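Student: Here's a structure for you.
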Amino acid sequence: MIGLQQQIQESAGYIRQFAVQAPETGIILGSGLGNLINDISDRKEIPYGDIPHFPVSTVEGHHGKLILGTIMGRPVVVMAGRFHYYEGFSMQQVTFPVRVMKALGVGTLLVSNAAGGMNAAFAVGDLMIITDHINLQPEHPLRGPNNNALGPRFPDMSEPYAKSLVAKARTIAAANNIPVHTGVYVGVQGPTFETRAEYKFMHIIGGDAVGMSTVPEVIVAAHAGLKVFAMSVITDLGIREEENTITHEEVLEAAKAAEPKLTLIFRELIAQL
Ligand code: HPA
């Protein structure tokens with residue numbers, strides 16, 4: 001079996017054949033949040049299944065392709081559909097595309113996701129800029145021998161979400177009359193949504209929103225020295241006392257409704273990177 005670094009190089013080498021210019025920004029789009037791909041010019045689409053060593057995603061609402069091109073004139077590489085730990089992928093597989101993006105030359109990673117709200121000030125359809133996270137996933141993506149060529153053994157995590165990008169996004173949101181919250185994202189394994197007691201627990205420990213993605217990718221991005229910006233669409237509220245059953249369809253529907261706001265912020269942010 002070939003090593004991780006060689007796999008990254010083989011994946012990147014394959015993708016590079018389709019790239020007119022090296023991407024500066026990597027983008028991972030969450031469930032029901034794939035429409036930013038309509039803003040990509042000069043696009044080249046590569047199904048994940050064609051890329052050596054890439055996993056293939058299975059969840060409804062995920063497109064499963066890598067798209068190269070430009071947004072607002074800036075070269076990007078976009079994942080339409082991501083890999084989740086709950087699907088059965090290893091953490092190494094979940095985070096592999098981030099490492100490939102780094103190898104392609106990416107310096108900044110933008111991430112979106114659908115998340116459950118726990119902050120009493122949040123409503124369904126709100127946007128939350130992630131300023132920090134709490135990792136409750138059961139396995140760490142950097143567990144195992146460290147490859148120093150990919151990053152340090154003990155990465156600093158004092159600012160996994162770049163403050164400069166948070167500030168830029170807030171300015172963009174205000175200029176476009178889009179209300180945004182900032183807050184802490186709790187990353188869990190899933191695939192169950194949380195029990196009422198779990199939502200309460202996650203709020204007590206400091207979480208504002210909870211979801212089943214993002215944290216592994218952000219950890220690996222921090223390890224690789226990438227600047228990260230991430231934003232959640234609040235698709236359901238875990239803290240309501242009544243009527244708080246949650247379905248995947250409801251999550252996708254709420255994500256879709258809020259998507260234009262999120263897409264605008266991402267597009268303008270890319271222009272300012
Ligand atoms: N919990 C976990 N993941 C989620 C949620 C939630 O309430 N909503 C969307 N993704």
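Student: What FRET efficiency would be calculated for the residue pair MET72, GLU159, taking the C-beta separation as r and a Förster radius of 22 Å, to the nearest 0.05?
Tutor: 0.30
Student: Describe numerically, in nm with one decimal, the distance between label points set 7 Å from Cα along Cα→Cβ at TYR86 and at ALA121.
Tutor: That separation, rounded to one decimal, is 2.8 nm.
Student: Sticking with this structure for a sec: Which whole-Hz couplings ³J(HN,Hα) result when phi for each residue of segment 129-137 is put into the Karplus expression 6.51 cos²θ - 1.76 cosθ + 1.60, θ = phi - 60°, listed in order with x for Gly and Pro?
Tutor: Here the 3J(HN,Hα) series is 6, 7, 9, 6, 9, 10, 8, 10, 5 Hz.
Student: So if I average 1/r over every pair of distinct C-alpha atoms in segment 147-273 and take the inverse, what Kirkwood radius in Å does that give? The partial results should precede the final answer.
Tutor: Details: mean 1/r = 0.0608 Å⁻¹.
In segment 147-273 this quantity evaluates to 16.5 Å.
Student: Mind computing the radius of gyration and Dmax over the alpha-carbon atoms of segment 4-272? Å is fine for both.
Tutor: That works out to 17.3, 53 Å for Rg and Dmax.
Student: In whole Å, how far is the Cα centre of segment 204-273 from that of segment 71-114?
Tutor: 15
Student: Test of understanding: in a Gaussian network model of the chain with alpha carbons linked when under 10 Å, which of ASP236, ASP42, ASP132 would top the mean-square fluctuation ranking?
Tutor: Fluctuation is largest for ASP42.
Student: Give me log10 I(q)/I(0) at q = 0.23 Å⁻¹ for segment 1-110, Debye formula, one equal scatterer per alpha-carbon, no solvent.
Tutor: Log10 of I(q)/I(0), two decimals: -1.38.
Student: Name the residues whose placed amide hydrogens come within less than 5 Å of the amide hydrogen of GLY30, ignoring near sequence neighbours (fewer than 5 apart) on the same chain.
Tutor: SER112, ASN113
Student: Going Cα to Cα from LYS200, which aspartates and glutamates come in below 12 Å? Please leave out same-chain ones fewer than 8 positions away.
Tutor: The qualifying aspartates and glutamates are ASP208, GLU241.
Student: Let me ask another. Using 0.36 nm per residue of separation minus the Cα-Cα distance, give me the extension gain between ASN147 and GLU10 in nm, one decimal. Mind showing how you got there, number by number?
Tutor: Details: separation 137, 0.36 × 137 = 49.32 nm, distance 1.69 nm.
So the extension gain works out to 47.6 nm.
Student: Now for a separate question. What lysines does LYS65 reach when the alpha-carbon gap must be under 16 Å and sequence neighbours fewer than 8 apart in one chain are set aside?
Tutor: LYS44
Values quoted throughout were computed directly from the atomic coordinates according to the rules given, and no laboratory measurement underlies them. From a predicted model like this one, the values you see are computed outputs, not experimental measurements. So basically every Cβ, Gly included, is an ideal-geometry build from the backbone, and we count neighbours across all protein chains shown.
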